[in-house]
Amino acid sequence: MAPSRAAAGAVLPVVVALLLGVVAAAAATGGARKMASHGEGANLKASPGAPAAGGSADQFRGKARLPSFAAPRRYELFLRPDLVACTFSGSVAISVAVSAPTRFLVLNALDLSVNRASIRFQALEPTEVVFFKDDGLLVLGFAKQLPLGEGLLKMDFNGTLNDQMRGFYRSKYQYKGKERNMAVTQFESVDARRCFPCWDEPAFKAKFKLTLEVPSELVALSNMPVANATFAGPIKTVRYQESPPMSTYLVAIVVGLFEYVEGMTTKGTRVRVYTQIGKSNQGKFALDVGVKSLNLYKDYFDTPYPLPKLDMIAIPDFAAGAMENYGLVTYREVALLFDDKSSSASSKQSVAITVAHELAHQWFGNLVTMEWWTHLWLNEGFATWMSHLAVDSFFPQWNIWTQFLDSTTTALRLDSLEASHPIEVEIHHASEVDQIFDAISYDKGASVIRMLQSYLGAERFQKAMASYMKKYAYSNAKTEDLWAVLEKETGEPVKDLMTTWTKQKGYPVINAKIKGNDIEIEQAQFLLDGSSGSGMWIVPITSGCGAYDTQKKFLLKLKRDKLVTGSQCGDRKKGGNFWTKLNINGTGFYRVKYDDELAAALQNALETKKLSLMDKIGIVDDLYALSIARQQTFASLLRLLYGYRGEADYSVLSHINTVTASIAKVSADAIPALAGDIKQLLIKILLSPEEKLGWDPKKGESHLDVMLRPLLLTALVQLGHGKTINEGVRRFNIFTRDRSTSLLPPDTRKAAYLSVMQNVSSSNRSGYDALRKIYKESAEGEERLQVLGILSSCRDKSIVLESLNLIFTNEVRNQDASMLLRGIQPEAREISWNWLKENWERISRTFSGSLEASFVKNIVPLVHLITVLLPYFRDHIPQFCRYYFHKAIANVDFLVSCQFTSNEKAAEISKFFATRTKPGFERTLKQSLESVRISARWAEGIRSEPGLAQTVRELLAKP
């Protein structure tokens, strides 16, 4: 699954805030043979104490994994969805290899009615049929031991096309003015069992032969191409080619009315993008990226894409951003569709990254699959990293590797919490999987891969990855398997190095002090609460001094070491060109704290434009984190920020905007008497680049400038800059009269909408009503989401409550409801918190069973609202969408302007949820509350900091 940049970080385009996905496989009979032997148990762990022959069905309850004495080889699956009644019926015939004496078959099934009379294994009828709902298990007991070798397990079943956006579900769409249903699957991570009985774990790969019976006029898609179809009046039976071995979570089915655009790879693989009728032109950009991605990955991994086709399809109701089903990748509409006239530049970038991420999974995830969810990061970390590699190749002008630092800083924030977790987490039950679909698996995973590639070198790394793909094609792998291949191919101590990054949580801060001609460095675990940890890492240190052509690299294996600088770093006298930067271009997953002399030299290098874009981002993000941890002063952070006042790069200013938003918020809470002056200082930093860009797009301007314009305008509106707000209102009023006006193109509408909401109240609601009208009339998903995200951006209590209550109406799709909470202002925190408590039961009723990954992500700006969904989140939301949830914790807790900053509020939140959380979410709740307490501690430090007012006045007085 691919987190798009928007979804991925705190603040990228709304669109990307809803993305992910991919597909995969690669040929060779050798690979198939590997799978066969693997399926017999070579790589499968038996449940602890799993019996070979006797005992009762109850012995399988609560186990970490399915027993390995029986494994599937091949599924013949028949499904008949009824799109009017919203039900389905089916049958499955599974070739099962029994490898040890047993009288049981243990597989997964949930929310299905299985016809007991239909169950047969060979000619044997079970004497026991036991469901363990909490474990999603179906245990079949037979009167005698089963014969060893392969046998056929058959059964019939039926179920409901649910509205929960998981398993086999229904999505609604309009066709010729009438509402219709389509049938869609979403199985990751453990929801294939909601569609058909199966061995629903990644290691149980098998071949699939699917047959669907559907209305004749509908398009029916699955992982493989259609082998043949027969028609009987209004019904057709569609049979698909047999798939290569794959895990159950990658099986996919979509049935509905669609049209498509088509392309072809250099090797002749057919690629299509399916959309609702009338929208196929909006699939052309994704198609282009998809074709290029398959070509690039084929070469990078030196392994062909093995399926005959790749389909990508836009689904109106979809849990997250996208899902990498083998050969049939499903997307939320805003994650796949792009229109030159009505979509923003950020949307275009989000679509590109999401498509590239999903298609990277065709190799990393589908062809070579994690052996168990503990190794999820192999899927998600690599797909995240590969998507940037691909998009950088297609669109070098986007500077995507600089933007990748969004992912790194996101992970650094989450991983600096005491309640973080290692990249590799032992999963003891399927219900625990949700906890690791977060910024650690995705973004820390991708960041340590970037660090490793930088250390090994791009060419050696690529060669090793190609060897890894060939060795484990059609099979499963663990983290240790990857390290072994990399070590063999490069001769480097990869396992020892990387184990320190994947087996323990956290990361180090490198303390750098100058002493004579040396720089003494010392590592210590960095925690945002200011405490000290005991972690130790093998750290790939990179350094540059005086210029980027004097870089050094070495592994810091001890707690302390030193760098010899000599005279090449420049003149240390005042006014000289001396400077030293550690962690060049942010390739390492660590922070750096410089002593006063080194910090002053870096500030001078920043102001004299000696630093790279990535290093500009790195030094401000490090100092920001150190300030939160109270290891550096708030004043030093303001002084450093002021050094960026002439900056014009999108990626750098995106990070600066993130920091300024957080500063404005914490200042209002910590030092309200000085908050107005601090806002003016922040405006002063951002105003210069905004004035150069203005509101109107310029002919020939870069993609990054197009994205920078709305970022700056929105930031200035949020900081209360009157001139920007007035201009936004003026343009909005023209737009309401003429929707085709060039004065408000898609990229700048958010700033104008936000400007209007600054003046909305119960007695002056014309702007609010106009926005509601735009939402109802717009056919563009991006536009509608943008409006939803702004409707609650108001200080008026009744307007905020009116917006929040839209969540319970048919006006807003469940998947989009969270957008209404993303705009809540600091002044409305208590209103929203009280609304939440009062509506708790209604929220649970309304959203129980519906995927609201996005709901969670955008609810998080109020830390307490993160925990809002915890009680039902575990049971009702597809696990991979937890990514957005944890992403939110990692980013928004510190970056968005709505967070509570008092220990009293943390205690209140904790008390409220003390009886409302469920097992499996303790860590998430701890992370939320820890974040509130960290913010409270930061605010206390700012309040007691001497000379802060003087610093602010001095900076305001500067030219």
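A few notes on this one:
- Sorting 546-554, 357-365 by average packing, meaning the other beta carbons within 10 Å per residue, from highest down gives 357-365, 546-554.
- For region 552-561, 3J(HN,Hα) computed residue by residue from phi via the Karplus equation (6.51, -1.76, 1.60; θ = phi - 60°) reads 10, 9, 7, 9, 8, 9, 10, 5, 10, 6 Hz, glycine and proline entered as x.
- Shown is the FRET efficiency for E607 and N764, computed with R0 = 30 Å from the Cβ-Cβ distance and rounded to the nearest 0.05: 0.10.
- Percent breakdown of C-alpha pair distances by 10 Å bin, ordered from the shortest bin, for region 231-302: 15, 32, 41, 11, 1
- Between L137 and A109, F132, the built amide H atoms are under 5 Å apart, and every one of these is 5 or more places off in sequence or on another chain.
- Note that region 120-264 presents 37 Å² accessible area per residue, ligands and nucleic acids not counted, probe 1.4 Å.
- 20 °C / 1.002 mPa s Stokes-Einstein diffusion coefficient of region 739-803, Kirkwood radius on C-alpha pairs, µm²/s: 178 µm²/s
- Toward the positive end of the charge dipole of the chain, with +1 on the Cβ of Lys and Arg and -1 on the Cβ of Asp and Glu, the farthest Cα among V238, N511, L107 is that of V238.
- Counting Cα-Cα pairs of region 476-518 in 5 Å increments starting at 0 gives whole-percent bin shares of 5, 18, 19, 16, 11, 10, 11, 6, 3, 1, 0.
- Only protein heavy atoms count here; on that basis, with a 1.4 Å probe, T587 has an accessible area of about 30 Å².
- Relative intensity, log₁₀ I(q)/I(0), of region 322-371 from a Debye sum that treats every alpha carbon as a point, q = 0.23, 0.33 Å⁻¹: -0.79, -1.20
- Region 755-793 versus region 920-959: alpha-carbon centroid distance in Å: 32 Å
- The chain, dipole about Cα centre (Lys/Arg Cβ +1, Asp/Glu Cβ -1), debye to the nearest 20: 340 debye
- Sequence-ordered 3J(HN,Hα) estimates for region 743-759 from the Karplus curve with 6.51, -1.76 and 1.60 and θ = phi - 60° stand at 6, 9, x, x, 5, 9, 5, 4, 4, 5, 4, 5, 4, 4, 5, 5, 10 Hz, glycine and proline given as x.
- In sequence order, calculated HN-Hα J values of region 792-809 (Karplus, 6.51, -1.76, 1.60; Hz; x Gly/Pro): 9, 7, 8, 8, 6, 4, 5, 5, 4, 5, 4, 5, 4, 6, 4, 4, 8, 9
- Projecting label points 7 angstrom from Cα along Cα→Cβ for K133 and N158 puts them 2.0 nm apart.
- Dipole magnitude for region 452-550: computed about the Cα centre from +1 point charges on Lys and Arg Cβ and -1 point charges on Asp and Glu Cβ, it is near 380 debye.
- Hydrodynamic radius by Kirkwood, which averages 1/r over all alpha carbon pairs of region 117-198, in angstrom: 15.4 Å
- Counting only protein heavy atoms and a probe of 1.4 Å, the accessible surface of region 518-674 is 51% carbon and sulfur.
- The 1.4 Å probe gives accessible areas that order I584, I514, largest first, as I514, I584.
- Subset of K279/K341; K154/K207; K205/K236; K298/K470 violating a 21 Å alpha-carbon distance limit: K205/K236
- Less than 5 angstrom separates the built amide H of T565 from those of D518, I519, all sequence-distant by 5 or more or on a different chain.
- Peptides 952-958, 338-344 ordered by packing proxy, namely the average of other Cβ atoms within 10 Å per residue, highest first: 338-344, 952-958.
- Stretched out straight at 0.36 nm per residue, the stretch from Q122 to K562 would grow longer than its current Cα-Cα span by 151.4 nm.
- In plain terms, the chain from S742 to N726 could stretch by 4.0 nm, reckoned as 0.36 nm per residue minus the Cα-Cα distance.
- About the centre of its Cα atoms, region 768-851 shows a dipole size close to 200 debye [charges on the beta carbon of Lys, Arg (+1) and Asp, Glu (-1) only; nearest 20 debye].
- Solvent-accessible area, 1.4 Å probe, carbon plus sulfur percent, for region 74-227: 47 percent
- Computed accessible area, E841, all protein chains, 1.4 angstrom probe, square angstrom: 120 Å²
- Approximate spin-label separation L555-H429, in nm, with each point projected 7 Å along Cα-to-Cβ: 4.0 nm
- Helix-only CD estimate at 222 nm, as mean residue ellipticity for the chain, using -39500 (n - 2.57) per DSSP H run (n ≥ 4): -12000 deg cm²/dmol
- Cα pair distances in region 675-772, grouped into 5 Å bins until the bin that holds the longest one, percent each: 2, 14, 24, 22, 18, 12, 6, 1, 0
- Nitroxide proxy distance, nm - points 7 Å out along Cα→Cβ at A64 and E597: 5.2 nm
- Sorting 225-232, 348-355, 181-188, 626-633 by average packing, meaning the other beta carbons within 10 Å per residue, from highest down gives 348-355, 181-188, 626-633, 225-232.
- Both numbers refer to the Cα atoms of the chain; Rg and Dmax are 27.7, 90 Å.
- Ignoring lysines fewer than eight residues from K797 along the same chain, the ones with Cα atoms less than 27 angstrom from its Cα are K665, K679, K723, K750, K773, K776, K837, K857, K905, K911.
- When the charge dipole of region 407-477 is built from unit charges on Cβ atoms (+1 for Lys and Arg, -1 for Asp and Glu) and taken about the Cα centre, the candidate among L456, A411, S441 whose Cα reaches farthest toward its positive end is L456.
- In region 80-238, a dipole from Cβ-located charges (positive for Lys and Arg, negative for Asp and Glu) runs towards its positive end, and of T127, A143, A85 it is A85 whose Cα lies farthest in that direction.
- Solvent exposure, largest accessible area first (probe 1.4 Å, DNA, RNA and ligands not counted), of I656, I671: I671, I656
- Rolling a 1.4 Å probe across all protein chains gives T87 an accessible area of roughly 50 Å².
- Reported to the nearest whole Å, the Cα centre-to-centre distance from region 137-163 to region 637-675 is 60.
The values are calculated or read from the model by the stated rules, or taken from the named source; none is laboratory data. All of these numbers come straight from a predicted model, not from anything done at the bench. Please note: Cβ atoms are built from the backbone with ideal geometry, for glycine as well, and neighbour counts cover all protein chains shown. Remember, those area values only see protein heavy atoms, side chains included, never the ligands or the DNA or RNA. Shrake-Rupley method; radii C 1.70, N 1.55, O 1.52, S 1.80 Å.
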